[in-house]
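Right, one structure below, let's go through it.
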Amino acid sequence: MPNASQVLDRVLVLEMVRVTEAAAISASSLIGRGDEKAADAAAVEAMREALNQLYMDGTVVIGEGERDEAPMLYIGEKVGSAIGKGPKIDIALDPLEGTTITAKAGPNALAVLAVAEEGNLLNAPDVYMDKIAVGPGYPQGVIDLNKTPTENVEAIAAAKGVKPSEIIACVLDRPRHEKLIAELRGIGCGIMLIPDGDVAGVIATTDPTTTIDVYMGQGGAPEGVLACAALRCVGGQFQGRLVFRNDDERARAAKWGIGDLDKVYALEELAKGDCIFAATGVTDGSLLAGVKRVKGKMTTESVVMRASSGTVRWVKGEHRID
């Protein structure tokens, strides 16, 4: 583990939970209401307000889009109460990971945040990313994005001492994954299809109780960086490769300084140094319980992790409803 950062103070660890709690609580009032944009906007506004109360000079490196596309928490936006004088912090965030899930009251919607010292989180453009991830305990190099899904499952199975048919993969339920799903089922691999929320999907590989061995498939690049921040704290392996569908997306990558469009990124190239990851459940899921309203109060469940110490804290909160 890296040495504890001089910038990421211990106080900031629990402050991050306050930020994700605020976003989750705000979004929770729109669970099941069928309005994705309203739920996302509520989470964004609450997270921005909470970030601006913290003593830091923060820069959003992964946010809700670029400045001309997002009114709040856009890439490059400055947040914090000490801009120009406080500790310089890079921030990757998804105020509501799972907008569709929230609108439909489905499982695994989260408010998610990762912070690191300046320059330690990849400025990932808002494009797709091919991803593969496993939890801790495997020999280094057990997964390889340049190999086929079959080869990766066979390598994971061999490392576990089981048959490929005993491996369970988590995959986003999308038409673009039809070939991947067919190949995995062709070797007898079990598949847990999820409707949304691939940050939770990647993190699930680190928790034996989920029975998920590997995460595979294409998801958002920003979510890949967020998931890597979590894996840096609890262990695991990840590889990602940006996917560009058109010239506009390639130009966007160039804007953020990405020259090698075919590069396979390892875990520590996406999130390096000391970093903090925090998430609060919006709806019930495999990782966290969602926000509940009971007898004049709201309850939340959060997790906060730090890479330098390997510490994972589970935080249950009770919030009075005024």
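Report the net charge of residues surrounding residue 112, where surrounding means a beta-carbon distance below 9 angstrom and charges are Lys +1, Arg +1, Asp -1, Glu -1.
Numbers: positive: none; negative: 94, 97, 223.
Residues near residue 112 contribute -3 overall.
Please report how far the C-alpha centroid of the stretch 132-178 lies from that of the stretch 183-234, rounded to the nearest whole angstrom.
10
What's the carbon and sulfur percent of the stretch 58-140's accessible surface, probe 1.4 angstrom, rounded to a whole number?
Answer for the stretch 58-140: carbon and sulfur cover 46 percent of the accessible area.
Dividing the convex hull volume of the Cα atoms of the stretch 150-299 by its residue count, what figure in Å³ per residue is obtained? Provide the component values of the computation, followed by the final result.
Details: hull volume 23.3 nm³, N = 150.
Residue-normalised Cα hull volume stands at 156 Å³.
Express in nm, to one decimal, how much length is gained between residue 247 and residue 260 on full extension, taking 0.36 nm for each residue of separation and deducting their alpha carbon distance.
Values: separation 13, 0.36 × 13 = 4.68 nm, distance 1.46 nm.
Here the answer is 3.2 nm.
Given the Cα atoms of the stretch 118-233, and with Rh set as the inverse mean 1/r over their pairs in the Kirkwood sense, what is Rg to Rh to two decimals? Working shown, then result.
Values: Rg = 13.6 Å, Rh = 14.4 Å.
Ratio value, two decimals: 0.95.
Just how much of residue 178 is accessible, in Å², when a 1.4 Å probe is used and the result is rounded to the nearest 10?
Roll a 1.4 Å probe over it and residue 178 shows about 120 Å².
Using the per-residue mean of other Cβ atoms lying within 10 Å as a proxy for protection, in what order, highest first, do the peptides 195-203, 11-19, 222-230 fall? Could the numbers behind the result be given before it?
Working: 195-203: 26.2, 11-19: 19.2, 222-230: 28.1.
Ranked by mean Cβ neighbours within 10 Å, highest first: 222-230, 195-203, 11-19.
What are the principal axis extents of the Cα atoms in the stretch 1-61, in Å, biggest first?
Extents along the principal axes: 45, 23, 18 Å.
Along the Cα→Cβ direction, 7 angstrom out, place labels at residue 74 and residue 163. What is the inter-label distance in nm?
Going by the 7 Å Cα→Cβ label model, 5.5 nm.
Measure nothing but the geometry: give the 0 to 90° angle between the long axis through the Cα atoms of 10-28 and the longest principal axis through the Cα atoms of the chain, rounded to 10°.
Long axis of 10-28 versus the principal axis of the chain: about 90 degrees.
So how tilted is helix 36-51 from the main axis of the chain? Cα-based, degrees 0 to 90, rounded to 10.
Approximately 60 degrees, to the nearest ten.
Under a 1.4 Å probe, what is the accessible area of the chain per residue, stated in Å²?
Values: 13920 Å² over 322 residues.
For the chain, the per-residue accessible area is 43 Å².
Restricting to DSSP H runs of at least four residues, report the calculated mean residue ellipticity at 222 nm for the chain, -39500 (n - 2.57) per run over all residues, nearest 500 deg cm²/dmol.
On the way: 9 runs with 96 residues, N = 322.
The helix contribution divided over the chain gives -9000 deg cm²/dmol.
Estimate the FRET efficiency between residue 140 and residue 209 by the formula 1/(1 + (r/R0)^6), using the beta-carbon distance for r and 25 Å for R0, to the nearest 0.05.
Working: r = 24 Å, r/R0 = 0.98.
FRET efficiency, residue 140 to residue 209: 0.55.
Using alpha carbons only, what's the Rg to Rh ratio of the stretch 1-112 with Rh from Kirkwood? List each step's numbers first, then the result.
Details: Rg = 14.5 Å, Rh = 14.4 Å.
Rounded to two decimals, Rg over Rh is 1.01.
Could you work out how far apart the two model spin labels at residue 49 and residue 82 are, taking each label as a point 7 Å from the Cα in the direction of the beta carbon, and quote it in nm?
2.4
Angle, helix 149-160 long axis vs. longest principal axis of the chain, Cα atoms, 0 to 90°, nearest 10?
Roughly 90 degrees between the two axes.
Does anything in the stretch 92-132 have its amide N under 17 Å from the 7 Å Cα→Cβ label point of residue 311, and if so which residues?
From the stretch 92-132, the list is 115-117.
Find the percent of Cα-Cα distances in the stretch 96-146 that exceed 11 Å, and round it to a whole number. Can you show the working numbers first?
Working: 1022 of 1275 pairs.
That fraction is 80 percent.
Given the pairs 131/163; 78/104; 85/316; 147/179; 88/255; 85/263, which span a C-alpha to C-alpha distance of over 25 angstrom in this model?
Numbers: 131/163 23 Å; 78/104 32 Å; 85/316 33 Å; 147/179 15 Å; 88/255 22 Å; 85/263 36 Å.
Among 131/163; 78/104; 85/316; 147/179; 88/255; 85/263, the Cα-Cα distance tops 25 Å for 78/104; 85/316; 85/263.
Tell me, what HN-Hα J-couplings in whole Hz come from the Karplus equation 6.51 cos²θ - 1.76 cosθ + 1.60 at θ = phi - 60° for each residue of the stretch 208-221, using x for Gly and Pro?
Rounded to whole hertz, the list is x, 5, 7, 6, 7, 8, 8, 9, 9, x, 9, x, x, 5.
Tell me which label goes with the value of mean projected area of the Cα convex hull in nm² computed from the coordinates here: [x] 16.9; [y] 19.8; [z] 16.0.
[z]
Give me the net charge of residue 149's neighbourhood, meaning all other residues with Cβ under 13 Å from the Cβ of residue 149; Lys, Arg count +1, Asp, Glu -1. Please list the in-between numbers first.
Working: positive: 131, 147, 179, 185; negative: 130, 144, 151, 154, 178, 183, 213.
Net charge in that neighbourhood comes out at -3.
Hey, got a sec? Which trypsin sites (Lys or Arg not before Pro) in the stretch 45-132 land in a DSSP loop and have at most 15 other Cβ atoms within 10 Å?
Those satisfying the criteria are 67, 85.
Taking 7 Å along the Cα-to-C-beta vector as the label spot, tell me the residue 105-residue 321 distance in nanometres, rounded to one decimal.
1.5
The values are calculated or read from the model by the stated rules, or taken from the named source; none is laboratory data. Quick caveat: nothing in here was measured; it's all calculated off a predicted structure. Quick reminder, even Gly has a Cβ in these numbers, built from the backbone with ideal geometry, and neighbours come from all protein chains shown. Heavy atoms of the whole protein, side chains included, go into the accessibility calculation; ligands, DNA and RNA do not. Shrake-Rupley method; radii C 1.70, N 1.55, O 1.52, S 1.80 Å.
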